[in-house]
Amino acid sequence: MSFFSSRGGSCVTASQAILQGLAPNGGLYVPAMFPTVSGADLAVMGSMSYPQRAALILRQYLEDFSPAEIEQDVAAAYGADRFRDPAVAPVRKLDDSTFVLELFHGPTLAFKDMALQLLPHLIRRSAEKNGETREVSILVATSGDTGKAALEGFRDVPGTSCTVFYPLEGVSDVQKLQMVTTAGANTHVIAVRGNFDDAQTGVKELFSSEAFAEKMREKGRVLSSANSINFGRLVPQIVYYFSAYADLVKQGAVRMGDPVNFCVPTGNFGDILAGYYARNMGLPVNRLICASNRNNVLTDFFNTGIYSTHRTFFRTISPSMDILVSSNLERLLYEAADRDGELIATWMRQLKECGSFSVGEQRLDWLGSMFWAECADDKDTLAEIRNRYLQDHYLTDPHTAVAGHVLREYRKARNDQTPTVIVATASPYKFAADVLRALKNTEEREPDAFAASEELERMTGVPMPDQVQGLRDLPVRHRRECEKTGMAEAVLAELA
Ligand SMILES: *Cc1c(COP(=O)(O)O)cnc(C)c1O
């Protein structure tokens, strides 16, 4: 399988696409075609373990990886030492037509683990395949969740290191504790005296600085990125859509071949895009429901065909979806534009220069035949957490609750009885204070996250994951701080 740039040109192998991350012309790597998974393969998946299901899907795209290499990597990523639930991504039934796909049983309790547990292995192999003998050094700026997921993924993976910058102002106490207690000889965590934008801008500058790249080369290292536009992060996400379907058939909830919907809490459009790729590969998906929080740029896009960033940015209780530019949408636009890279380049230029672009009536209709989009504000989200618990005795985190609310709106609007899977992206214990205040129906928010978790456990009997439980007692291993102008020196000192 070859990969092209979504903005035209480039033709690379899977390992090159993974190693490079972004195409040289700024486009995203897209597969030359969508391989199909037959009904027979889908039927066989029902009796496979999650790592076996992952290997089956990955093989379709990673043609320059041998089956044995893929099997080793998925075994390392999805083993019992990494995921608390033996099913890895279990499907729970809420009622006859509503199911939840739980993607939060990994080390950091959020869906980012599904991809970031595997990506480091794919990067290491891609480096080997392309004769890259230097250590691959990953740099990440984080507003909280991605940083910890990257650190856990790269921890002790040979031939790699991972350095995370987080803003001193702006991450929660638990998020900070999660990062600074990370073990592993190749993990580095640096606090930037500034906000998230300062950290992100600083990392972007490091990536574009030839002087910094040269200093890293002198140390025998080459820079790379683990952000969500890397194809190596997308491909592991395709797996759980197939896995969920196989489980629904196995549970007798749908008959093989019958359509299902997925309702996905969306920010950067990576998770739901993987669902669209699964659909193109032959998975019987009727509709993909795109759920946004108050930052509803995608809701407006799917309803008008106009993508516009001329809007206010809101901080919400579902912070991992607080995003105005959904990078992975570019891969869907590429298909909507009949794979016309020049048109994509034009739209992306308009977005950068004017803050908006329009796809036109016909393409909007095409998108509307597969996607439906709506949003939920914080009040809707809190009400959904409470109602879902009262109705189904099921605890949802705020991100998942955004999807739960939007699914109710979809059913009201379309009266569609197709069985629907809500994609659950975080453990409720990762956002215990807000979940607790939703259940108690109060404005008051417990300031201590551990106290909130304990009360939540007492109140609901839903067990608190060990990752939260044990966090208080772990030693702090990372204490380095730097000014926003001193990030290059800080990395070089860390990696010395
Ligand atoms: C990243 C994230 C999302 C959004 O996923 P995208 O791929 O960016 O659309 C939703 N929920 C949680 C908990 C996340 O961490």
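The values are calculated or read from the model by the stated rules, or taken from the named source; none is laboratory data. For clarity, every value in this text was computed on a predicted model and none was experimentally measured. All Cβ positions, even for glycine, are placed from backbone atoms using ideal geometry, and neighbour counts span all protein chains on display. Ligands, DNA and RNA are stripped out before the accessible areas are found, and what is left, the full protein with its side chains, is counted by its heavy atoms. Shrake-Rupley method; radii C 1.70, N 1.55, O 1.52, S 1.80 Å.
Taking the highest mean first, how do the peptides 222-232, 434-444, 351-361, 44-54 order by number of other beta carbon atoms within 10 angstrom per residue? Could you put the intermediate results ahead of the total?
On the way: 222-232: 20.9, 434-444: 17.0, 351-361: 13.7, 44-54: 18.5.
Listed from highest to lowest mean packing, they are 222-232, 44-54, 434-444, 351-361.
Ordered by packing density, taken as the mean number of other Cβ atoms within 10 Å over each peptide's residues, highest first, how do 98-109, 277-288 rank?
Details: 98-109: 23.7, 277-288: 20.0.
Highest-to-lowest ranking by the protection proxy: 98-109, 277-288.
Distance between Cα centroids, the stretch 342-357 to the stretch 91-145: provide it in whole Å.
The stretch 342-357 and the stretch 91-145 have Cα centres spaced 30 Å from each other.
What is the mean projected area of the alpha carbon convex hull for the stretch 69-144, to one decimal in square nanometres? Can you show the working numbers first?
Working: hull surface 28.6 nm².
Average of the hull's projected areas for the stretch 69-144 equals 7.1 nm².
Which one of T98, F165, H121 has its Cα pushed farthest toward the positive end of the charge dipole of the chain, where Lys and Arg give +1 and Asp and Glu give -1 at the Cβ?
H121
Semi-axes, largest first, in whole Å: what does sqrt of 5 times each Cα gyration tensor eigenvalue give for the stretch 283-378?
Details: eigenvalues 94, 65, 24 Å².
That gives 22, 18, 11 Å for the three semi-axes.
Under a Cβ-Cβ cut-off of 14 Å, what is the net charge of the residues other than V140 that fall near it, where Lys and Arg count +1 and Asp and Glu count -1?
Numbers: positive: K112, K148, R155, K204, R233; negative: D145, E152, E494.
For residues surrounding V140, the net value is +2.
Taking the solvent-accessible surface of protein heavy atoms with a 1.4 Å probe, what is the per residue accessible area of the stretch 126-231 in Å²? List each step's numbers first, then the result.
Values: 4040 Å² over 106 residues.
Normalised by residue count, the accessible surface of the stretch 126-231 is 38 Å².
For the stretch 155-196, which whole-number percentage of the solvent-accessible area (1.4 Å probe, protein heavy atoms only) is attributable to carbon and sulfur atoms?
Details: 750 of 1420 Å².
Exposed carbon and sulfur together represent 53 percent of the surface.
Looking only at the chain, where both bridge partners belong to it, what percent of the DSSP beta bridges are antiparallel (to the nearest 5)?
Details: 13 of 50 bridges.
Once the DSSP bridges in the chain are tallied, antiparallel ones form about 25 percent.
Please express the shape of the stretch 369-496 as an equivalent ellipsoid: the semi-axes are the square roots of 5 times the eigenvalues of the C-alpha gyration tensor, given largest first in whole angstrom.
Working: eigenvalues 249, 99, 36 Å².
Over the Cα atoms of the stretch 369-496, the ellipsoid semi-axes are 35, 22, 13 Å.
Holding the Cα-Cα limit at 29 Å, pick out from K129/K250; K148/K412; K352/K430; K379/K412; K176/K412; K112/K484 the pairs that are longer than that.
Values: K129/K250 38 Å; K148/K412 38 Å; K352/K430 34 Å; K379/K412 19 Å; K176/K412 41 Å; K112/K484 26 Å.
Where the Cα-Cα span goes over 29 Å, the pairs concerned are K129/K250; K148/K412; K352/K430; K176/K412.
Sorted by packing (mean other beta-carbon atoms within 10 Å per residue), highest first, where do 19-28, 159-168, 311-320, 204-213 land?
Values: 19-28: 19.0, 159-168: 23.0, 311-320: 16.9, 204-213: 13.3.
With the highest mean Cβ count within 10 Å placed first, the list reads 159-168, 19-28, 311-320, 204-213.
Hey, any idea what % of the stretch 80-149's accessible area is carbon plus sulfur with a 1.4 Å probe?
Values: 930 of 2110 Å².
Looking at the stretch 80-149 in its full context, I get 44 percent from C and S.
Scale the Cα Rg of the stretch 336-423 by the rule-of-thumb value 2.2 N^0.38 Å and send over the ratio, two decimals. Could you put the intermediate results ahead of the total?
Working: Rg = 17.6 Å, N = 88, 2.2 N^0.38 = 12.1 Å.
Computed over Cα atoms of the stretch 336-423, the ratio equals 1.46.
Can you grab the distance from the C-alpha centre of the stretch 221-299 to the C-alpha centre of the stretch 477-496, Å, no decimals?
Centre-to-centre (Cα) distance: 36 Å.
For the stretch 225-317, take the convex hull of the Cα atoms, compute a quarter of its surface area, and give me that in nm², please.
On the way: hull surface 30.9 nm².
Average of the hull's projected areas for the stretch 225-317 equals 7.7 nm².
Jot down the per residue volume, in cubic angstrom and as a whole number, of the convex hull over the alpha-carbon atoms of the chain. Don't skip to the end; give the middle numbers.
On the way: hull volume 68.6 nm³, N = 496.
Per residue, the Cα convex hull of the chain comes to 138 Å³.
Which of the listed residues, C290, Q251, L456, is farthest toward the dipole's positive end in the chain, when Lys, Arg count +1 and Asp, Glu count -1 at the beta-carbon?
The residue sitting farthest along the positive end of the dipole is Q251.
As a test of the formula, what do you get for the chain when each DSSP H run with n ≥ 4 contributes -39,500 (n - 2.57) and the sum is divided by the residue count, at 222 nm and rounded to the nearest 500 deg cm²/dmol?
Details: 22 runs with 227 residues, N = 496.
Rounded to the nearest 500, it is -13500 deg cm²/dmol.
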